1. Got a sec to turn the phi values of the range B:98-106 into Karplus ³J(HN,Hα) couplings, 6.51 cos²θ - 1.76 cosθ + 1.60 with θ = phi - 60°, whole Hz, x for Gly and Pro?
2. Starting from the amide H of A:VAL148, placed 1.01 Å from N in the peptide plane, find each other amide H under 5 Å away whose residue is 5 or more places distant or on another chain.
3. DSSP loop (so not H, G, I, E, B), at most 14 other Cβ within 10 Å: list which chymotrypsin sites (Phe, Trp or Tyr not before Pro) in the range A:288-339 pass both filters.
4. At 20 °C and 1.002 mPa s, grab the translational diffusion coefficient of the range B:1-66 from Stokes-Einstein with a Kirkwood Rh over Cα pairs, rounded to a whole number in µm² per second.
5. Could you give the semi-axes, largest first, of the ellipsoid that matches the protein assembly as shown, computed as the square roots of 5 times the alpha carbon gyration tensor eigenvalues and rounded to whole Å?
6. When the Cα atoms of chain B are enclosed in a convex hull and the volume is divided per residue, what value in Å³ results?
7. Per residue of A:50-56, what is the mean number of Cβ atoms on other protein chains within 10 angstrom of that residue's Cβ?
8. So what is the relative contact order for the range B:193-337, in percent, with contacts set as C-alpha pairs under 8 Å and at least six apart?
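What follows draws every value from the coordinates through simple rules; no lab data is involved. Since the structure is predicted, the reported quantities are computational estimates derived from the model, not experimental observations. All Cβ positions, even for glycine, are placed from backbone atoms using ideal geometry, and neighbour counts span all protein chains on display.
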Amino acid sequence: MKKSVFVGVLALAGASAGVAAAGTLDDVKARGTLNCGVVTGLVGFGAPDANGEWQGFDVAMCRALAAAVLGDPTAIQFVPTTGKTRFTALSSGEIDVLARNTTWTFSRDVDLKFDFIGVNYYDGQGFMVPKELGVTSAKDLNGATICVQTGTTTELNLADYFRKNNISYDPVPIETNAEGQQQYLAGACDAYTTDMSGLASNRATFESPGDHVLLPEIISKEPLSPLVRHGDNEWADVVRWTLNALIAAEEAGITSANIGELSAQAGDAPEINRILGTEGNLGEQLGLSADWAKNAIMAGGNYGEIFEKNIGEASPIGLARGLNAQWTDGGLLYAPPFR
Amino acid sequence: MSDTHAQSVAFVRDTEIPASPPPVAQTGAVRWMRENLFSTWVNALLTVAALYAIYLIGVAILPWLINGVWTTPSLTACREVLQGKVGGCFSVLTERWNQLLFGFTYPSDQYWRPGIAFLLLFAAAAPVMFFKLPRKLLIITALYPFVAYYLIWGGTILTPVFALLGFVAGYAAYARLVKGSFALGIFAAVAVAALTWWIGGMITDAVAPAQPWLEEVPSRDMGGFMLNMILGVTCLSLSIPLGILLALGRQSNLPLIKAVCVVFIEFIRGVPLITLLFVANVVLAYFLPPGTSFDLILRVIIMITLFASAYIAEVIRGGLAALPKGQYEAGDSLGLDYPQAMRLIILPQALKISIPGIVNIAVGLFKDTTLVSVISMFDLVGMIRGPILASAEWNGVYWELFGFAALLFFVVCYGISKYSQWLERQLSTGHR
């Protein structure tokens, strides 16, 4: 009942928003600020720091987008959203883009009428165990007690995985991540399972993070993607190609350190020239200035730099690139060609 | 008589024996303990058990408090200082106190403004709370909302000035016309006030300086405990008059007014507050034309006020119902009209009876303001759950932060409760 009402409201909103927001790009330019929906707080992905400045992996996407469209990475109105308010905020037009570790699923894309513009982080469910157990693979967890959040897809994925591998486990149901962390540390369960990024950020807060290992198996797909409203393809293109520019920049070796030099004049690499606007008119085709991608990359660096700064191995979270490496390095990041 | 004794008795004492001290078991601390703690063996057992419980709690908490670390920049640094000992990382409070109290976007060089507004709150509340103060002090109370608004939000001073002028003009019109008819007075007051605000709005737009004397702070930058206080104080002070009107309306003889009040009260009481907050945050955005930014705090204030006023109306209705019918008839027999009878005879008695219920709702309302964290407003709890626990420095600190939040709320709620007990003694509502 509750869900059907909710979906009904969304459908109504989708219908009206399609009319209202025909030209988000023009709206943003006229307004002079980008309304970017972010998380109210998630370690590494988005949170205000001690000075009240928003920082994080998803926030960097907003900054790159504001830089590409408006030329100023600070021309952003951040709108914090919770898991419950995020979709209505987007479909009602309160925000222009939602960059809030949201998993790309069929029903959200089709039924809720959003456009997911491309995966910026490949997450997946994993396991954390104490090092002293000597477990090296999830398949060794036969008969283990596992802390898992109830009522989430995490619980279902866990059951599926163990059934498929024909091993048994003993679930310890928990309500919130904070509770899971406490239970796991108190030894109430042998292993804790949730998304890998969540496990890593949990482990970073432990007194001795080195005593816990993340197992290599990933048992579910959680592709996180920024999203925009259905039906405004020009705006969706702008957001999609801003993300692609960040990814392509890493592949092409454009960094915040050498971008000044590379963009000063057209060099020998045509792809770099086209991205940075020293050749061709890609920016014009998007309805942006010629140096849009240069601005986007200068806002926080290329994809690799953003990753390393916020959630990479040098940061307190310490996530490995894994699936989020370039396709040339065995990952899944594969930006379509800029031509 | 004395002679006989002088011969027959060897010694007659002629002074009084100095009083000997009472037995140890009948005096001082020992007696108090025997009477209060060990009077029967059951009580003795309970006392020992209670002492043991206190000991256990003390052993658990005291090292945590005494070893507490107050100066480190992050949880990791705090743990290094503690070296595995038990101790609280209170440095999260010293480092983020400003975010906990004011939110993370309120300009830090302007913290004195909400601070002064908070202190003035006591000056404004005193004349209302303590009847023995001179009645003239109520002028401070009447001016306070405008001063506090100006201090906290800043911007041009013309906005609160014209808001105040509107009320003054409305009251002047009411005072002139009310002798003719109560309804005429009310309608004239509303019309005059609205006209003043409209003209004032145009003047403000025209002459407002680009650089106001106090920097303007938009509503979305409010946060922390300040937001809880703003919501709590505003909604409570608005909902009491509204609740009185609703309670009277529910008793009205006019079917239309009665029906509207009953439907309103029953609807609001049948819906959880969190639903109303979602309506304020999410659903209203669909009904308003795109591009309008109807202030979120204002939306939330309206919703919480409506919610609280329905409950207060029911409490006051209880007070009205408790009055004997003779009181109403007394008003009629004195030849008072309805407003006079209500104002002079019925309401003072009914409100007196309603005080415990109203205080109960006030405490609940104040604590309910933390629900706004669910609709992504950064009140005290929202600040803790969002930005602070999501920062790389402080992820993993729970007890210290939520303990601090509990302490702040306890101080306020306990204060309200103590005041209401004092007020009940003053009005001696127990005589019934």
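1. Karplus-based 3J(HN,Hα) across the range B:98-106 equals 5, 5, 5, 8, 10, x, 9, 10, 5 Hz.
2. The answer is A:VAL172, A:ILE174.
3. Passing sites in the range A:288-339 are A:TYR334.
4. It comes out at roughly 127 µm²/s.
5. Values: eigenvalues 655, 358, 123 Å².
With the √(5λ) rule applied to the protein assembly as shown, the semi-axes are 57, 42, 25 Å.
6. Numbers: hull volume 135.5 nm³, N = 432.
Cα-based convex hull of chain B, divided per residue, equals 314 Å³.
7. Working: counts 11, 3, 11, 2, 3, 2, 3.
Neighbouring Cβ atoms belonging to other protein chains average 5 per residue here.
8. Relative contact order here is 34 percent.
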